Amino acid sequence: MIYHYIDSYINYLETEKNCSGHTVSGYRRDLFHGVDFFAGALGRKDSELLPGDIDVRLMRSYLGDLFYSGLAKTTVSRRLSAWRSFFRYLGREGLIERNPLKGLSSLKAGRRLPHFLFREECGVLIESPGGGSPLPLRDRAIMEVLYSSGIRVGELVSLDLENVRLSAGDITVMGKGSRERVAPLGSYAVESLRLYLDEGRPRLVKDSGERAVFVNFRGGRITDRGVRKIIKKYVNLLGLQSTISPHTMRHTFATHMLDNGADLRAVQEILGHKNLSTTQIYTHLTRERLKQVYLKSHPRVKMKKDEG
């Protein structure tokens with residue numbers, strides 16, 4: 001049964017690749033969606049399907065059906081990527097003799113520029129949790145840390161107390177592919193996190209053995225979804241764009257760093273990107289920054305200014 005192989009692959013993602021729960025759920029969902037189509041196309045029960053039943057022709061038919069249903073190219077590409085990764089895993093484990101998707105070309109999807117916040121918007125959002133009660137202290141610390149370090153939401157919720165060094169102004173996170181890195185914290189994030197750890201977290205945690213830095217109102221480790229709900233709450237209160245998410249804070253961190261002259265490779269290291277090309281997407285500049293460069297550099301603008 002193909003589900004047996006998928007379960008083995010999912011276990012590999014969780015235990016060996018150390019993928020976040022969000023990532024694992026996405027892979028499982030994409031693979032299960034494909035199984036339903038393949039079984040229907042072959043006139044078989046999904047429980048009878050085997051990896052060897054899937055070939056290039058069948059996969060092309062599946063991709064065509066996805067496009068026909070109106071899905072975005074990025075979504076179709078993601079589902080194809082899930083199946084490619086699944087078959088590569090089966091090949092490495094010796095569970096299949098050949099990769100049935102080896103001759104299938106990748107989809108070329110246009111890369112969208114990431115959405116980010118302007119400095120004023122970011123400041124208003126981060127400072128919106130008010131008061132000294134535990135939850136606002138936690139919410140402020142969460143947003144300060146996300147913006148200050150550029151870490152992923154999965155890395156944030158996985159933070160344990162021993163990962164935090166306030167005196168050094170940094171945190172240690174486990175990124176994709178089980179790659180550990182140190183992410184810096186600015187003074188605002190350090191102070192906000194210190195306040196939460198001293199005055200907020202102790203009033204939330206019920207179990208002295210809990211090691212999670214960020215906890216929910218019950219005192220247990222907060223989830224990715226919980227962080228998303230927190231940010232959405234303040235976004236709605238402020239009337240900001242509804243597309244703002246924890247990942248927007250990561251985009252904002254990278255954009256602001258590069259806009260202010262940070263070295264591209266340094267930002268790559270902080271973000272934990274394996275390839276520099278992934279970081280280069282952030283080299284776009286805001287309209288205001290472009291305007292400043294133009295006014296400072298264009299000779300005709302200088303002449304007009306001098307003449308006036």
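Numbers for the structure displayed
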| item | result |
| --- | --- |
| Proportion of all alpha-carbon pairs of segment 119-287 beyond 19 Å (%) | 55 |
| Loop-located trypsin sites (Lys or Arg not before Pro) in segment 15-55 whose Cβ has at most 11 other Cβ within 10 Å (DSSP) | 45 |
| Segment 175-239: trypsin sites (Lys or Arg not before Pro) in DSSP loop, at most 16 other beta carbons within 10 Å | 179, 206, 211, 218 |
| Overall form of the chain per C-alpha gyration tensor (a/c, 1.5; a/b vs b/c) | oblate |
| Translational diffusion of segment 1-46, µm² s⁻¹ [Kirkwood Rh, Cα pairs; Stokes-Einstein; 20 °C; 1.002 mPa s] | 191 |
| Lys, Arg +1 and Asp, Glu -1 on Cβ, resulting dipole of the chain about Cα centre, debye, nearest 20 | 960 |
| Segment 1-67: GluC sites (Glu not before Pro) in DSSP coil with no more than 13 other Cβ atoms inside 10 Å | 16 |
| Cα lying deepest toward the dipole's positive end in segment 2-92, options 83, 6, 40, charges on Cβ | 83 |
| For segment 32-128, alpha-carbon Rg and Dmax in angstrom | 18.8, 57 |
| Acute angle (nearest 10 degrees) that the helix 73-92 long axis makes with the longest principal axis of the chain, alpha-carbon atoms | 60 |
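Every number in this text was worked out from the coordinates using simple rules, so none of it is lab data. Note that this is a predicted model, so its numbers are computed, not measured. When we count neighbours, we look across all protein chains shown, and the Cβ atoms used for this are built from the backbone with ideal geometry, even at glycine.
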